[in-house]
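The block underneath contains the structure these notes are about, expressed in structure tokens.
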Amino acid sequence: MMATGPEDDLPTLAARGDHLGVLRYIRAHKLREPKMVVAHGKLLLGASTKPDGSMAMGGGRRLGEVERLAALEQLCMASLDVGEIKLAEACLDALGAGDPDSPVTKESARYRKLLGLCLEASGDFAGAEGVYDALLKDNPSNAHASKRKYCVLAAQPGQEEEARKALNDYLASHPGDVAAWNAMAEVCLSVSDFKGAAYCYEEVVLGCPLDSTVHTKLGEAYCTAGGLANAKLARKHLAQAVQLDPGNLRAWYGLIAAAEGYLDEVERLGKGKKEAEEEGVEVAKELIKFGGERLVQFYKGSEMRGIVEKMLKEAGESL
Amino acid sequence: MVKRSISLGAVAQIKMALHAARHGFSAPLHGIVLGRSSPGGGEGSIEVVDAVPVCHEVPTKPVVDMALRLTEAHLQTQKGMEGVRIVGWYTANARAASEEPNAPACRIAASMAEGAGEEFILLVVSTKALVDCELPICTVYEKGSSRAFTNRVDSDRVSSTGPNNGGEILSKALQQLPSSEYESDVAGGGKKGPSLAICDYVDHLEDGGKGDWLGNAAVKEFVESFR
């Protein structure tokens, strides 16, 4: 096995056939490349198909125990990701084989976590739920088990309400889990609850205040929810998004859309309230012009430039 | 109600299929359907000639609004697209087993149809048809009496146009979809085969404005190479 230097990137390691290096790189950089992990992991760990159709892990003995277990765990997760259930089960069997040298037992939380995932992937949701309930009984603050209970419900058709309730319950006890708030935002979007999605994205922004993508999603949710107050909030967050990342093309388009949405809302107001928004109207018009200029500049030398100019010209004529 | 016939072009279907195959991992897909409609003797017809992939997430107003406006501006600048306009919206559900159109797609289609009149359709990409590589890959919905897109169009009114071996072309196209930027042939020492990319509006925004989401010319050339 060759040592991995700082200049070794994933394609180099793969081309060299350094299977262990590939798995380590993917683990270290937290990449989601399940097909690569499966391809290299099978070769590293000697996966083979038995006459009855099941799979077994025959290799990897020359690796240290810690490396072998880490590779088996990684291969198990990647197999589930690409739907190779038999391979995942073979990894699980190898992990729980009960070797005298192995620190892994079938009672360990980490093993049971993988067992739960395998049961979910094979469609045994009741079995998976049983595993997660047992994990929560041992440790009520086991966040992974709580989250998987939500996932078990979300995977089953007709359980959307129960899934949303499970995720809500999880967020009530883990309000700092930004990823869970993001998942709840997506659930809200899927049922067209844009106000709810905006609420969730506000929580995500608390956790990632300098992330331009999050401000963009929040701005878009407010813009879609509609109403004058939401239109102003949309404009604010999309402006923040472009300030944080001037290369965020989605935010520039969103800013123009939000400003136009604000102008449409103002048009619907009575005379008195419209006068109170005069300054806001001027700001919105300037934002549309500014955003348009930036977009045209962005597409310099590209075919899209002419299309964007045409689109902005038509928008300008309608203002 | 007018019983119009609907023909789905191969290029449009293959773009929708590639979009679903590339991004369909637990995410809904949405896109614009382009075509021509003709009144034709009281029954009328809609000919779907192309598709413009928009997003692989629940669509928001800014994304839909801008995608539609850019598509309309694009149609006005393209030669050979005379008479082609936006005639529908397509979607694919996040859950493979679900064949009914999802709520956001129905809402978008209903809103767009207000301006487009009766000649507007909603297409739902069928996972089964995609797996079996059978054309047509979509079920077609039109407006019901409640103005919602819940009326499924009978399959005898829907046909596929284009090369006779449409299923074979679809299968070949799906095989050429790259699975990741790191894809490599482990046994072949890192060599990559030919690849066919599909880009939607959100991909275009995320890759700094590079992808050809409006045309996806590579897909059209691929289909044309089989004629």
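The values are calculated or read from the model by the stated rules, or taken from the named source; none is laboratory data. Note that the structure is a prediction, hence the values are computed from the model and not measured. So basically every Cβ, Gly included, is an ideal-geometry build from the backbone, and we count neighbours across all protein chains shown. Protein only, heavy atoms only, side chains kept; ligands, DNA and RNA dropped before computing areas. Shrake-Rupley method; radii C 1.70, N 1.55, O 1.52, S 1.80 Å.
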Notebook entry, point to check: Are there any pairs, at least 6 apart or on different chains, whose C-beta atoms fall under 7 Å, with the first in segment A:82-100 and modelled with pLDDT of 90 or more and the second among the polar types (S, T, N, Q) and open to solvent by less than 20 Å² (accessible area, probe 1.4 Å), and if so, which?
Noted result: A:Leu87/A:Ser79; A:Ala88/A:Ser79; A:Cys91/A:Ser79
Next item on the list: Evaluate the following for A:Ala90: is it within 14 Å of another protein chain (Cβ to nearest Cβ), hydrophobic (A, V, I, L, M, F, W, C), open to solvent by less than 30 Å² (accessible area, probe 1.4 Å) and under 19 Å from A:Leu119 (Cβ atoms)?
Entry: no
Next item on the list: May I ask you to list the residues in segment B:79-99 that are exposed (fewer than 13 other Cβ atoms within 10 Å of the Cβ) and either at pLDDT 85 or above or not charged (D, E, K, R) (or both)?
Entry: B:Gly80, B:Gly83, B:Ala97
Note to self: Looking at segment A:103-126 only, could you name the residues that are surrounded by fewer than 15 Cβ atoms within 10 Å (Cβ to Cβ) and within 21 Å of A:Tyr170 (Cβ to Cβ)?
What the structure shows: A:Ala109, A:Arg110, A:Ala126
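Restricting attention to helices (runs of 4 or more DSSP H) lying wholly within segment A:212-319, give those where 1 or more residues are surrounded by fewer than 16 Cβ atoms within 10 Å (Cβ to Cβ).
A:228-244, A:249-267, A:271-276, A:278-298, A:304-318
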Check: Quick one: is B:Leu177 surrounded by 14 or more Cβ atoms within 10 Å (Cβ to Cβ), closer than 30 Å to A:Thr12 by Cβ and in contact (Cβ under 8 Å) with a residue 40 or more places away in the chain?
Finding: yes
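Could you grab me the full set of residues in segment A:160-177 that are open to solvent by less than 40 Å² (accessible area, probe 1.4 Å), part of a helix (DSSP H, G or I) and either farther than 20 Å from B:Ala96 by Cα or out of contact with any Leu (no Cβ under 8 Å at 6 or more places or on another chain) (or both)?
Of everything in segment A:160-177, those that are open to solvent by less than 40 Å² (accessible area, probe 1.4 Å), part of a helix (DSSP H, G or I) and either farther than 20 Å from B:Ala96 by Cα or out of contact with any Leu (no Cβ under 8 Å at 6 or more places or on another chain) (or both) turn out to be A:Ala166, A:Leu167, A:Tyr170, A:Leu171.
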Next item on the list: Say whether the condition of being farther than 22 Å from A:Gly196 by Cβ, hydrophobic (A, V, I, L, M, F, W, C) and over 25 Å from the mean Cα position of the chain (by Cα) is met by at least one residue in segment A:230-253.
Entry: no
Margin query: Need the failing condition index for B:Ala94 against (1) under 29 Å from B:Gly44 (Cα atoms); (2) within 14 Å of another protein chain (Cβ to nearest Cβ), just the number.
Written below: (1)
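Looking only at segment A:140-152, which residues are among the aliphatic types (A, V, I, L, M) and surrounded by fewer than 19 Cβ atoms within 10 Å (Cβ to Cβ)? Quick ask: steps written out before the conclusion?
In the first step, residues of segment A:140-152 are kept if they are among the aliphatic types (A, V, I, L, M); the result is A:143, A:145, A:152.
Selection gives A:Ala143 alone.
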Item checked: Residue ID - farthest from the other protein chains (Cβ to nearest Cβ), chosen from residues in segment A:184-193 that are assigned to a helix (DSSP H, G or I) and touching an Asp or Glu at 6+ places or on another chain (Cβ under 9 Å) -> A:Met184
Notebook entry, point to check: For A:Trp181, which of the numbered conditions (1) part of a helix (DSSP H, G or I); (2) within 24 Å of B:Leu68 (Cα to Cα); (3) open to solvent by 20 Å² or more (accessible area, probe 1.4 Å) fails to hold?
Noted result: (2)
Next item on the list: Scan segment B:164-172 and give yes if some residue there is surrounded by 13 or more Cβ atoms within 10 Å (Cβ to Cβ), β-branched (Val, Ile, Thr) and more than 14 Å from chain A (Cβ to nearest Cβ), otherwise no.
Entry: yes
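For every residue, the table says whether it meets (1) closer than 17 Å to B:Met66 by Cα; (2) touching a helix residue (DSSP H, G or I) at 6+ places or on another chain (Cβ under 8 Å); (3) not basic (Lys, Arg).
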site: A:Val266; (1), (2), (3): no, yes, yes
site: A:Leu269; (1), (2), (3): no, yes, yes
site: A:Gly272; (1), (2), (3): no, no, yes
site: A:Glu279; (1), (2), (3): no, no, yes
site: A:Glu282; (1), (2), (3): no, no, yes
site: A:Ile288; (1), (2), (3): yes, yes, yes
site: A:Arg294; (1), (2), (3): yes, yes, no
site: A:Lys300; (1), (2), (3): no, no, no
site: A:Lys313; (1), (2), (3): yes, no, no
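Only one of B:Glu82, B:Glu47 is more than 18 Å from the chain's Cα centre (by Cα) and more than 14 Å from chain A (Cβ to nearest Cβ); which? Can you show your working first?
Working: B:Glu47 fails: more than 18 Å from the chain's Cα centre (by Cα).
Answer to the selection: B:Glu82.
If you check A:Leu263 against the conditions, is it within 22 Å of B:Thr60 (Cα to Cα) and over 23 Å from the mean Cα position of the chain (by Cα)? Before you say what the answer is, go through the steps one by one.
Details: within 22 Å of B:Thr60 (Cα to Cα): yes; over 23 Å from the mean Cα position of the chain (by Cα): yes.
The answer is yes for A:Leu263.
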Next item on the list: Would you point out which residue out of B:Ser126, B:Ser160, B:Ser111 is among the polar types (S, T, N, Q), open to solvent by less than 20 Å² (accessible area, probe 1.4 Å), farther than 30 Å from A:Leu10 by Cα and at pLDDT 85 or above?
Entry: B:Ser126
Item checked: Sole residue being small (Gly, Ala, Ser), touching a helix residue (DSSP H, G or I) at 6+ places or on another chain (Cβ under 6 Å) and within 26 Å of A:Ala47 (Cα to Cα), chosen from A:Ala121, A:Ala163 -> A:Ala121
